[in-house]
Amino acid sequence: MFYRSCASNSQQEFGSEIIIHHSGFKNLDKPTVWTFPKLLICLDCGFAECVVPGDSLHLLRQDGGASTGARSVR
């Protein structure tokens with residue numbers, strides 16, 4: 001399969017852990033979301049893509065209040 005960023009066919013899948021947070025000072029009170037997607041990385045240009053799992057998407061959609069710590073999703 002050719003990679004859509006540079007048309008290379010040299011890509012590999014890797015496990016990852018990512019902390020996602022809402023940007024901006026006004027969102028500092030929103031909780032961070034830990035997620036563990038598989039990353040598909042082009043080994044020629046470095047472009048990476050992933051699919052955020054549904055349970056993590058659910059947490060990102062929530063408009064949660066102030067948080068004292070990170071939420072963990074596996």
Using amide H atoms built 1.01 Å from N in the peptide plane, name the residues 5+ places from SER8, or on other chains, whose amide H lies under 5 Å from its own. TYR3
Report ³J(HN,Hα) in whole Hz for each residue of the stretch 39-53, in order, from the Karplus equation J = 6.51 cos²θ - 1.76 cosθ + 1.60 where θ = phi - 60°; Gly and Pro get x. 9, 9, 10, 6, 7, 9, 9, x, 4, 10, 9, 8, 10, 6, x
In range of the label at ARG61: residues from the stretch 26-52 whose backbone nitrogen is under 20 Å from the point 7 Å along Cα→Cβ: 30-37, 50-52
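Coordinate-derived values only; no laboratory data. Just so we're clear, the structure is a prediction, and the values are computed from it rather than from any experiment. Cβ coordinates were reconstructed from backbone atoms using ideal geometry, including for glycine residues, and neighbour counts include every protein chain displayed.
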